[in-house]
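Student: Next up is a structure, given as structure tokens.
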Amino acid sequence: MHNPTLTTLKPSVPSSHGFSLLPQNHSRLNYRFCPSVLPNNRIFSILNCNSTKVHNSNSLKDGKLRSLGVKDVDVATLGNLCVDVVLNVPELPSATFEERKAYMDQLSASPPDKRYWEAGGNCNMMIAAVRLGLRCVTIGHVGDEIYGQFLLDVLHDEGIDFVGMSEYADLSLIGALSETLLCWVLVDPLQRHGFCSRADFSEGPLVKWTVSRSQEDNKKFKDLVCNGYDFDELSPSLITSVIEYAVEVGTAIFFYPGPRGKTLSSGTPAQKRALGKFLKMSDVLLLTSDEAESLTGIWNPTLAGQELLRNAECTKWVIFKMGSKGSLLITASSISCAPAFKVNVVDTVGCGDSFVAAIAFGFIHNMPTINTLAIANAVGTATAMGCGAGRNVATLKQVIELLKDCNLNEDRQLWQELLRENLEAHEVAFLSKTVINGNDCINLVAFEKVTSELHNKLESARIEGAVPC
């Protein structure tokens, strides 16, 4: 594993300029992020580096960054860094805005016990990805307090590089918005979850950022993973610029709307445009069937996936996370189905994020779609067997053991119902323990064959010491 790097990109000239998307005489060059109070801060040029230049906070000279080293980057995330405070509660709060706000204010009245802290947000996906051997960097904001230091320590220990989106010259200009975001994760006796943070009660992005341009080497990293929570921190216009530039330099975009998808689809015109841009320009879309139905109006995930592909410009894979049923991957010409594993589920927090990490692993390594689904199901399920997310997401050892068990929850009737209208038009692959191919429309893929291929790939990473066990 590489040594993690902390990068804080400072401004060369503090300013109190308001928000703007681009400089007046901009051209399609290399973008970089700047908070509204610091328009010369340098961040987004990282999108344009295949070998990311690694910096630290002492590398500034005359307002410029001096390269300290070079590391390859497989996956980057943008924003959505928070500390989860996981609490068991007798019942979840009401869904009304006022009662949820009062509940959160009550929780926030005193500092939470550190025993209940965990790295949250994009940390879940990044930790799972690093444990699969991917090289990761997260671009975001943490405050200069105990919660921010906790997150930085976790990222360091897990081997994830960090690029700070800002270092405010005058914290009084920002106030509470400069603090690390806390997300209260509430768990009732039935293991149902509720989430609340100050982002839920904000009318706009928590921090406004501007975009300026810089001339950098025309290189890139491989994947940029985004989700609906990015809208909590970034303006829709900036998100649109990020998408356009990633497409321009050839960075693959992964997008999963998550719980924010439904509100964004009925949000402001700017939010709808940015969401539409994600749906059109992402290389990989990841959704639940409920999220897909809210976006397309189609309940059947195979039909909804095909509708999303028809309306897209860059999308190669549309993937459905179907919980205890398994997962589904749809391309323009094929459908791949992978049943879930049978296990005792302890906690589902972080399962979806872990699943996304494994999808990125399969995409980067150009694995067959059915193999990609198999390892994604295994990583998501291994996370569900533990308690909480963050540092408790799946380890490589747990994933390998789960693949060895070969305990699939095969419900062929369910899959036949979902695929009924698509069997003739697409090549269909179904992961199965029992391979008896009597149907010309469905290719039953032997689970033993797939797990053998995955086991060899993961074992080689473990033996080489590239990832922790």
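Since every read-out is calculated from the coordinates, none of them should be taken as a lab result. No experiment lies behind these values; they were computed from the predicted model shown. Note: ideal-geometry Cβ built from the backbone for every residue, glycine included; neighbour counts use all protein chains shown.
Student: Taking the Cα centre of the range 251-469 as origin, sum charge times position over the Cβ atoms of Lys and Arg (+1) and Asp and Glu (-1), and report the length of that vector in debye to the nearest 20. Before the final figure, lay out each step's value.
Tutor: Numbers: 20 positive and 21 negative charges, 118 e Å.
It comes to approximately 560 debye.
Student: Quick one: if the Förster radius is 22 Å, what FRET efficiency do N88 and K457 give, using the C-beta to C-beta distance and rounding to 0.05? Walk me through the numbers on the way to the answer.
Tutor: Working: r = 38 Å, r/R0 = 1.74.
Efficiency, rounded to the nearest 0.05: 0.05.
Student: Further question: Between their Cα atoms, which of K222/K457; K325/K404; K101/K262; K280/K342 are more than 26 Å away from each other? Provide the component values of the computation, followed by the final result.
Tutor: Working: K222/K457 20 Å; K325/K404 19 Å; K101/K262 20 Å; K280/K342 35 Å.
Flagged as over cut-off: K280/K342.
Student: Got a sec? Charge dipole of the range 251-469, +1 on Cβ for Lys and Arg, -1 for Asp and Glu; which of L275, G350, A376 is way out at the positive end?
Tutor: Among L275, G350, A376, the one farthest towards the positive end of the dipole of the range 251-469 is L275.
Student: So, one more: Relative to the Cα centre, what is the charge dipole magnitude of the range 68-168, using +1 at the beta carbon of each Lys and Arg, -1 at the beta carbon of each Asp and Glu, and rounding to the nearest 20 debye? All intermediate terms of the calculation are to be shown ahead of the outcome.
Tutor: Numbers: 7 positive and 16 negative charges, 41 e Å.
Computed about the Cα centre, the dipole is about 200 debye.
Student: If you average the C-alpha positions of the range 330-378 and of the range 255-326 separately, how far apart do those two centres end up, in angstrom?
Tutor: Centre-to-centre (Cα) distance: 17 Å.
Student: Now, a different point. Once amide H atoms are placed 1.01 Å from N in the peptide plane, what residues at a sequence separation of 5 or more from E233, or on another chain, have their amide H within under 5 Å of its amide H?
Tutor: When sequence neighbours closer than 5 places are left aside, the close amide H contacts are L206.
Student: To continue, here is another question. Averaged across orientations, what area in nm² does the convex hull of the alpha carbons in the range 284-425 project? Don't skip to the answer; put the middle values down first.
Tutor: Working: hull surface 34.2 nm².
Dividing the Cα hull surface by four gives the mean projection, 8.5 nm².
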